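Visitor: Have a look at the structure that comes next, please.
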Amino acid sequence: MEERDPGLPGSRPVELGFVEPAAPARLASSQFPSKVGGRPAWLSLELPGPERLRCGGCAQPLMFLLQVYAPRESAFHRSLLIFCCALSDCPDRSFIILRSQLGRVNDFYSAEPEPEPEPEPEPEPDAPLRPIPGLNLCRVCGASGSKTCSRCRRARYCGKEHQRADWKAGHRAVCGQPGQPDDDGFSALNILFPEFELVMELEESEGEELEELQTCMDSMSVQKSVCMSEVMEEQELEAMAKHATKEDQIFAKFKKRIALAPDQVLRYCRGGGPLWVSGNNTPTDNDIPNCSCGARREFEFQVMPQLLNQLKVDRLEESLDWGTLVVYTCAQSCDPGNTYVLEFIWKQDFSAEQV
(Lines give C-alpha, C1' and ligand atoms only; values in the text may rest on other atoms or scores of the structure.)
Protein backbone atom coordinates (compact mmCIF):
# COMPACT_ATOMS: atom_id res chain seq x y z
CA MET A 1 0.00 0.00 0.00
CA GLU A 2 1.43 3.32 -1.03
CA GLU A 3 2.06 5.98 1.61
CA ARG A 4 0.86 9.50 1.09
CA ASP A 5 3.34 11.73 -0.69
CA PRO A 6 5.04 13.61 2.15
CA GLY A 7 5.96 16.48 -0.11
CA LEU A 8 9.47 17.77 -0.68
CA PRO A 9 10.81 20.21 1.92
CA GLY A 10 11.00 23.57 0.25
CA SER A 11 8.57 22.62 -2.56
CA ARG A 12 5.93 24.79 -0.88
CA PRO A 13 6.48 27.72 1.45
CA VAL A 14 6.41 26.69 5.09
CA GLU A 15 5.34 28.99 7.93
CA LEU A 16 6.83 28.36 11.34
CA GLY A 17 4.96 28.99 14.59
CA PHE A 18 6.65 30.37 17.71
CA VAL A 19 5.16 31.13 21.13
CA GLU A 20 5.28 34.61 22.65
CA PRO A 21 3.66 36.13 25.76
CA ALA A 22 0.64 38.30 24.97
CA ALA A 23 -1.91 40.41 26.81
CA PRO A 24 -5.20 38.54 27.35
CA ALA A 25 -7.06 41.07 25.19
CA ARG A 26 -5.04 39.98 22.16
CA LEU A 27 -6.17 36.39 22.66
CA ALA A 28 -9.91 37.04 22.84
CA SER A 29 -12.23 35.38 20.32
CA SER A 30 -13.00 38.73 18.67
CA GLN A 31 -9.29 39.13 17.80
CA PHE A 32 -9.22 35.78 15.93
CA PRO A 33 -5.96 34.65 17.51
CA SER A 34 -3.64 31.72 17.01
CA LYS A 35 -2.70 30.64 20.51
CA VAL A 36 -1.37 27.91 22.78
CA GLY A 37 -2.83 26.93 26.15
CA GLY A 38 -5.26 28.71 28.44
CA ARG A 39 -8.90 28.55 27.46
CA PRO A 40 -9.99 28.15 23.83
CA ALA A 41 -10.81 31.34 21.95
CA TRP A 42 -13.96 29.92 20.36
CA LEU A 43 -14.73 31.11 16.82
CA SER A 44 -18.36 30.05 16.41
CA LEU A 45 -20.13 30.76 19.68
CA GLU A 46 -22.41 27.76 19.20
CA LEU A 47 -20.06 25.56 21.20
CA PRO A 48 -19.62 21.80 20.92
CA GLY A 49 -21.25 19.91 23.76
CA PRO A 50 -18.94 18.83 26.60
CA GLU A 51 -19.49 15.19 25.65
CA ARG A 52 -17.50 15.85 22.45
CA LEU A 53 -14.53 17.04 24.52
CA ARG A 54 -13.96 13.85 26.51
CA CYS A 55 -11.14 11.37 26.08
CA GLY A 56 -12.01 8.15 24.28
CA GLY A 57 -9.68 6.24 26.60
CA CYS A 58 -10.48 7.46 30.13
CA ALA A 59 -13.68 9.53 29.51
CA GLN A 60 -12.14 12.50 31.37
CA PRO A 61 -12.40 16.08 30.00
CA LEU A 62 -9.84 16.92 27.33
CA MET A 63 -7.49 19.89 27.78
CA PHE A 64 -7.23 22.65 25.22
CA LEU A 65 -3.80 22.48 23.58
CA LEU A 66 -3.69 25.09 20.80
CA GLN A 67 -5.56 26.71 17.94
CA VAL A 68 -4.54 28.05 14.55
CA TYR A 69 -6.44 30.83 12.77
CA ALA A 70 -6.19 29.90 9.09
CA PRO A 71 -8.76 31.58 6.80
CA ARG A 72 -9.15 30.44 3.21
CA GLU A 73 -10.79 31.87 0.12
CA SER A 74 -13.90 29.83 0.90
CA ALA A 75 -13.86 30.74 4.62
CA PHE A 76 -13.40 34.37 5.71
CA HIS A 77 -12.86 33.21 9.32
CA ARG A 78 -11.50 29.74 10.02
CA SER A 79 -9.96 28.22 13.15
CA LEU A 80 -8.60 24.78 13.98
CA LEU A 81 -8.57 23.79 17.67
CA ILE A 82 -6.68 20.84 19.17
CA PHE A 83 -7.68 19.21 22.47
CA CYS A 84 -5.80 16.40 24.21
CA CYS A 85 -5.80 14.08 27.21
CA ALA A 86 -2.71 14.51 29.40
CA LEU A 87 -3.54 12.03 32.17
CA SER A 88 -0.61 9.70 32.74
CA ASP A 89 -2.79 6.70 33.65
CA CYS A 90 -5.07 6.99 30.60
CA PRO A 91 -4.98 3.74 28.58
CA ASP A 92 -5.48 5.54 25.25
CA ARG A 93 -4.87 9.29 25.36
CA SER A 94 -7.00 11.08 22.80
CA PHE A 95 -6.10 13.99 20.54
CA ILE A 96 -8.92 15.61 18.60
CA ILE A 97 -9.09 18.59 16.29
CA LEU A 98 -12.20 20.68 15.58
CA ARG A 99 -12.72 23.05 12.66
CA SER A 100 -14.93 26.13 12.79
CA GLN A 101 -15.44 28.64 10.00
CA LEU A 102 -17.65 31.62 9.34
CA GLY A 103 -18.35 34.04 6.52
CA ARG A 104 -17.50 37.70 6.78
CA VAL A 105 -21.16 38.31 7.55
CA ASN A 106 -22.03 35.96 10.40
CA ASP A 107 -24.06 35.67 13.60
CA PHE A 108 -21.29 36.60 16.03
CA TYR A 109 -18.85 39.24 14.77
CA SER A 110 -18.95 42.53 12.91
CA ALA A 111 -18.11 42.43 9.21
CA GLU A 112 -15.56 45.16 9.93
CA PRO A 113 -12.44 44.23 11.92
CA GLU A 114 -12.25 45.31 15.54
CA PRO A 115 -9.49 47.78 16.44
CA GLU A 116 -6.29 46.42 17.93
CA PRO A 117 -6.75 46.26 21.73
CA GLU A 118 -4.95 48.89 23.78
CA PRO A 119 -1.84 47.67 25.61
CA GLU A 120 -2.63 46.67 29.15
CA PRO A 121 -0.52 45.69 32.14
CA GLU A 122 0.33 42.06 32.70
CA PRO A 123 -2.41 40.36 34.73
CA GLU A 124 -1.73 39.19 38.26
CA PRO A 125 -1.04 35.43 38.46
CA ASP A 126 -4.34 34.78 40.25
CA ALA A 127 -6.43 37.21 38.21
CA PRO A 128 -9.78 35.70 37.09
CA LEU A 129 -10.13 34.57 33.51
CA ARG A 130 -12.41 36.72 31.42
CA PRO A 131 -15.49 34.89 30.15
CA ILE A 132 -17.07 35.51 26.77
CA PRO A 133 -20.17 37.66 27.42
CA GLY A 134 -23.43 35.80 26.99
CA LEU A 135 -21.91 32.30 27.04
CA ASN A 136 -22.24 29.71 29.78
CA LEU A 137 -18.68 28.47 30.04
CA CYS A 138 -17.02 26.06 32.42
CA ARG A 139 -15.12 28.16 34.97
CA VAL A 140 -12.19 25.75 34.77
CA CYS A 141 -11.56 24.93 31.11
CA GLY A 142 -13.71 27.33 29.09
CA ALA A 143 -15.76 24.57 27.42
CA SER A 144 -19.55 24.64 27.33
CA GLY A 145 -20.76 24.76 30.94
CA SER A 146 -23.99 22.81 30.98
CA LYS A 147 -23.90 22.08 34.74
CA THR A 148 -24.15 24.48 37.67
CA CYS A 149 -22.95 24.39 41.25
CA SER A 150 -25.77 22.80 43.29
CA ARG A 151 -25.13 25.23 46.16
CA CYS A 152 -24.85 28.69 44.58
CA ARG A 153 -26.50 27.88 41.24
CA ARG A 154 -24.20 30.38 39.55
CA ALA A 155 -20.84 28.74 38.87
CA ARG A 156 -20.94 26.64 35.71
CA TYR A 157 -18.96 23.56 34.73
CA CYS A 158 -18.53 21.13 31.85
CA GLY A 159 -18.84 18.21 34.28
CA LYS A 160 -18.36 16.96 37.82
CA GLU A 161 -14.57 16.59 37.40
CA HIS A 162 -13.98 20.31 36.96
CA GLN A 163 -16.61 21.18 39.53
CA ARG A 164 -14.62 19.19 42.11
CA ALA A 165 -11.35 20.80 40.97
CA ASP A 166 -12.82 24.30 41.30
CA TRP A 167 -14.28 23.50 44.73
CA LYS A 168 -10.85 22.47 46.01
CA ALA A 169 -9.16 25.42 44.29
CA GLY A 170 -11.18 28.00 46.19
CA HIS A 171 -14.81 28.06 45.13
CA ARG A 172 -15.74 26.40 48.43
CA ALA A 173 -14.57 29.51 50.31
CA VAL A 174 -16.64 31.98 48.27
CA CYS A 175 -19.58 29.89 47.09
CA GLY A 176 -22.84 31.79 47.56
CA GLN A 177 -21.26 34.81 49.22
CA PRO A 178 -22.78 38.20 48.32
CA GLY A 179 -20.76 40.33 45.94
CA GLN A 180 -19.00 37.42 44.29
CA PRO A 181 -19.17 37.54 40.46
CA ASP A 182 -21.35 34.88 38.94
CA ASP A 183 -18.82 33.83 36.34
CA ASP A 184 -15.48 35.19 37.50
CA GLY A 185 -13.71 31.92 36.85
CA PHE A 186 -10.49 30.92 38.53
CA SER A 187 -6.98 30.92 37.20
CA ALA A 188 -6.79 27.12 36.83
CA LEU A 189 -3.03 27.28 37.24
CA ASN A 190 -2.91 23.54 37.91
CA ILE A 191 -5.44 22.62 35.23
CA LEU A 192 -4.71 24.58 32.05
CA PHE A 193 -1.58 24.73 29.96
CA PRO A 194 0.35 28.04 30.08
CA GLU A 195 -1.08 30.53 27.61
CA PHE A 196 0.89 32.11 24.74
CA GLU A 197 0.22 33.77 21.43
CA LEU A 198 1.25 31.71 18.42
CA VAL A 199 3.07 33.93 15.91
CA MET A 200 3.95 32.80 12.40
CA GLU A 201 7.04 33.50 10.31
CA LEU A 202 8.07 32.25 6.87
CA GLU A 203 10.77 29.58 7.07
CA GLU A 204 14.09 30.43 5.51
CA SER A 205 15.05 28.01 2.76
CA GLU A 206 18.23 25.96 2.87
CA GLY A 207 19.32 27.92 -0.18
CA GLU A 208 19.19 31.11 1.87
CA GLU A 209 21.34 29.44 4.52
CA LEU A 210 23.94 28.52 1.91
CA GLU A 211 23.84 32.07 0.57
CA GLU A 212 24.60 33.39 4.05
CA LEU A 213 27.50 30.95 4.29
CA GLN A 214 28.92 32.21 0.99
CA THR A 215 28.58 35.82 2.18
CA CYS A 216 30.43 34.86 5.33
CA MET A 217 33.26 33.34 3.27
CA ASP A 218 33.56 36.39 1.06
CA SER A 219 33.41 39.01 3.79
CA MET A 220 36.53 38.45 5.90
CA SER A 221 39.54 36.26 5.40
CA VAL A 222 39.64 35.73 9.18
CA GLN A 223 36.28 33.96 8.97
CA LYS A 224 37.08 31.77 5.98
CA SER A 225 38.60 28.99 8.03
CA VAL A 226 35.47 28.89 10.21
CA CYS A 227 33.19 28.78 7.19
CA MET A 228 35.28 26.09 5.51
CA SER A 229 35.07 23.98 8.65
CA GLU A 230 31.29 24.24 8.43
CA VAL A 231 31.43 23.07 4.82
CA MET A 232 33.73 20.19 5.77
CA GLU A 233 31.39 19.23 8.59
CA GLU A 234 28.52 19.17 6.12
CA GLN A 235 30.52 16.91 3.78
CA GLU A 236 31.41 14.57 6.63
CA LEU A 237 27.76 14.36 7.64
CA GLU A 238 26.80 13.49 4.06
CA ALA A 239 29.45 10.76 3.98
CA MET A 240 28.14 9.34 7.23
CA ALA A 241 24.59 9.49 5.91
CA LYS A 242 25.48 7.09 3.09
CA HIS A 243 26.17 4.41 5.68
CA ALA A 244 23.20 5.22 7.92
CA THR A 245 19.96 3.28 7.97
CA LYS A 246 16.82 4.74 6.46
CA GLU A 247 15.52 5.43 9.96
CA ASP A 248 18.74 7.27 10.85
CA GLN A 249 18.48 9.35 7.69
CA ILE A 250 14.88 10.37 8.38
CA PHE A 251 15.70 11.46 11.91
CA ALA A 252 18.89 13.25 10.78
CA LYS A 253 16.85 15.10 8.16
CA PHE A 254 14.32 16.08 10.84
CA LYS A 255 17.02 17.42 13.18
CA LYS A 256 18.84 19.28 10.40
CA ARG A 257 15.64 20.97 9.26
CA ILE A 258 14.48 22.16 12.67
CA ALA A 259 18.00 23.25 13.62
CA LEU A 260 17.46 26.28 11.36
CA ALA A 261 14.83 27.48 13.86
CA PRO A 262 15.03 25.30 16.98
CA ASP A 263 12.27 27.15 18.87
CA GLN A 264 9.58 26.35 16.30
CA VAL A 265 6.51 24.69 17.82
CA LEU A 266 4.44 24.41 14.63
CA ARG A 267 4.97 24.02 10.88
CA TYR A 268 2.17 25.17 8.56
CA CYS A 269 2.12 24.17 4.88
CA ARG A 270 -1.38 23.48 3.57
CA GLY A 271 -1.26 20.99 0.73
CA GLY A 272 2.41 20.25 1.35
CA GLY A 273 3.75 17.48 3.54
CA PRO A 274 4.89 16.92 7.11
CA LEU A 275 8.41 16.54 8.41
CA TRP A 276 8.43 13.06 9.92
CA VAL A 277 10.52 12.20 12.97
CA SER A 278 10.57 8.51 12.09
CA GLY A 279 10.00 6.12 9.22
CA ASN A 280 7.71 4.10 11.46
CA ASN A 281 4.01 4.75 11.94
CA THR A 282 3.49 7.04 8.94
CA PRO A 283 -0.07 7.04 7.54
CA THR A 284 -1.22 5.51 4.27
CA ASP A 285 -4.08 6.84 2.14
CA ASN A 286 -6.43 4.42 3.86
CA ASP A 287 -5.38 5.64 7.30
CA ILE A 288 -6.58 9.18 6.61
CA PRO A 289 -10.37 9.17 6.22
CA ASN A 290 -12.20 11.52 3.93
CA CYS A 291 -14.11 14.43 5.42
CA SER A 292 -17.74 13.82 6.37
CA CYS A 293 -18.66 15.79 3.24
CA GLY A 294 -16.87 13.17 1.10
CA ALA A 295 -13.87 15.30 0.10
CA ARG A 296 -10.37 14.00 0.72
CA ARG A 297 -8.31 15.44 3.54
CA GLU A 298 -4.94 17.11 2.95
CA PHE A 299 -2.02 17.99 5.20
CA GLU A 300 -2.33 21.43 6.78
CA PHE A 301 0.07 21.70 9.72
CA GLN A 302 2.03 19.77 12.32
CA VAL A 303 2.80 20.38 15.99
CA MET A 304 6.46 19.99 16.91
CA PRO A 305 7.91 18.34 20.03
CA GLN A 306 9.47 21.68 21.08
CA LEU A 307 6.02 22.74 22.29
CA LEU A 308 6.33 20.27 25.16
CA ASN A 309 9.07 22.47 26.65
CA GLN A 310 6.58 25.35 26.87
CA LEU A 311 3.71 23.39 28.40
CA LYS A 312 5.31 22.66 31.78
CA VAL A 313 3.74 19.22 31.80
CA ASP A 314 5.74 18.21 34.89
CA ARG A 315 4.09 21.06 36.80
CA LEU A 316 0.71 19.56 35.96
CA GLU A 317 1.85 16.22 37.38
CA GLU A 318 0.60 14.63 34.20
CA SER A 319 2.28 12.94 31.26
CA LEU A 320 2.20 14.12 27.67
CA ASP A 321 4.56 13.30 24.83
CA TRP A 322 4.79 13.09 21.05
CA GLY A 323 7.27 13.16 18.21
CA THR A 324 4.91 15.18 16.04
CA LEU A 325 1.14 15.73 15.71
CA VAL A 326 0.11 15.92 12.05
CA VAL A 327 -3.18 17.57 11.09
CA TYR A 328 -5.17 16.73 7.95
CA THR A 329 -8.22 18.82 7.02
CA CYS A 330 -10.94 18.85 4.39
CA ALA A 331 -9.38 19.90 1.08
CA GLN A 332 -12.62 21.68 0.15
CA SER A 333 -12.99 23.28 3.59
CA CYS A 334 -16.69 22.43 3.47
CA ASP A 335 -19.07 24.81 5.20
CA PRO A 336 -20.16 23.47 8.63
CA GLY A 337 -22.44 26.43 9.36
CA ASN A 338 -22.10 27.46 12.99
CA THR A 339 -21.14 23.99 14.19
CA TYR A 340 -17.71 22.50 14.90
CA VAL A 341 -16.65 19.59 12.68
CA LEU A 342 -14.10 16.94 13.47
CA GLU A 343 -10.91 16.81 11.41
CA PHE A 344 -8.13 14.21 11.52
CA ILE A 345 -4.93 14.20 13.58
CA TRP A 346 -2.11 11.64 13.39
CA LYS A 347 0.27 11.18 16.32
CA GLN A 348 3.77 9.93 15.56
CA ASP A 349 6.17 9.12 18.40
CA PHE A 350 9.93 8.99 18.36
CA SER A 351 11.27 5.50 17.74
CA ALA A 352 12.86 3.63 20.65
CA GLU A 353 16.35 4.26 19.20
CA GLN A 354 15.74 8.05 19.15
CA VAL A 355 14.60 8.37 22.76
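Visitor: Hey, which of these cross-link pairs are over 29 Å Cα-Cα: Lys35/Lys255; Lys168/Lys312; Lys253/Lys312; Lys168/Lys347?
Guide: Lys168/Lys347
Visitor: State, to one decimal in nm, how far the label point of Arg12 lies from the label point of Val105, with both points 7 Å from Cα in the Cβ direction.
Guide: For the pair Arg12/Val105, the computed spacing is 3.2 nm.
Visitor: Per residue of segment 52-64, what does 6.51 cos²θ - 1.76 cosθ + 1.60 with θ = phi - 60° give for ³J(HN,Hα)? Whole Hz please, x for Gly and Pro, Karplus curve as stated.
Guide: 7, 10, 10, 5, x, x, 10, 6, 8, x, 7, 9, 6
Visitor: Can you give the three extents of the C-alpha atoms in segment 46-116 along their principal axes, from longest to shortest, in whole Å?
Guide: Sorted from largest, the Cα extents of segment 46-116 read 47, 25, 19 Å.
Visitor: With θ taken as phi - 60° and the coefficients 6.51, -1.76 and 1.60, list the Karplus ³J(HN,Hα) couplings across segment 69-82 in order, rounded to whole Hz; mark glycine and proline as x.
Guide: Per-residue couplings from phi come out as 8, 9, x, 9, 4, 8, 9, 4, 10, 7, 10, 10, 10, 9 Hz.
Visitor: When the chain is fully extended, how far beyond the present Cα-Cα distance does Lys160 get from Ala259, taking 0.36 nm per residue of separation?
Guide: Additional length available on full extension: 31.2 nm.
Visitor: Could you provide, to the nearest whole Å², the per residue accessible area of segment 30-74 with probe 1.4 Å?
Guide: About 34 Å² of surface per residue is accessible.
Visitor: Another question, then. Could you work out the relative contact order of segment 63-119? I mean the mean sequence separation of Cα pairs under 8 Å and 6+ apart, divided by the number of residues, in percent.
Guide: For segment 63-119, the relative contact order is 28 percent.
Visitor: Now for a separate question. Using 7 Å Cα-to-Cβ label points, what is the Thr284/Asn136 separation (nm, one decimal)?
Guide: Spacing of the two 7 Å Cα→Cβ label points: 4.7 nm.
Visitor: Using the basic label-point model (7 angstrom from Cα toward the beta carbon), what is the Gln310 to Cys293 distance in nanometres?
Guide: About 2.9 nm separates the two model spin labels.
Visitor: Sticking with this structure for a sec: With the Cα gyration tensor of segment 247-302 in hand, convert its eigenvalues to equivalent ellipsoid semi-axes via √(5λ) and list them largest first in whole Å.
Guide: Whole-Å semi-axes of the equivalent ellipsoid: 25, 15, 7.
Visitor: For Ser30 and Gln249 in the same chain, what is the full-extension length gain: residue separation times 0.36 nm, less their Cα-Cα distance, in nm?
Guide: Extra length from Ser30 to Gln249 when fully extended: 74.4 nm.
The values are calculated or read from the model by the stated rules, or taken from the named source; none is laboratory data. These figures come from a predicted structure and were not determined experimentally. Here the Cβ is made from the backbone with ideal geometry for all residues, glycine too, and neighbour counts use every protein chain on show. Just so you know, the surface numbers come from the protein's heavy atoms only, side chains and all, with ligands and any DNA or RNA stripped out. Shrake-Rupley method; radii C 1.70, N 1.55, O 1.52, S 1.80 Å.
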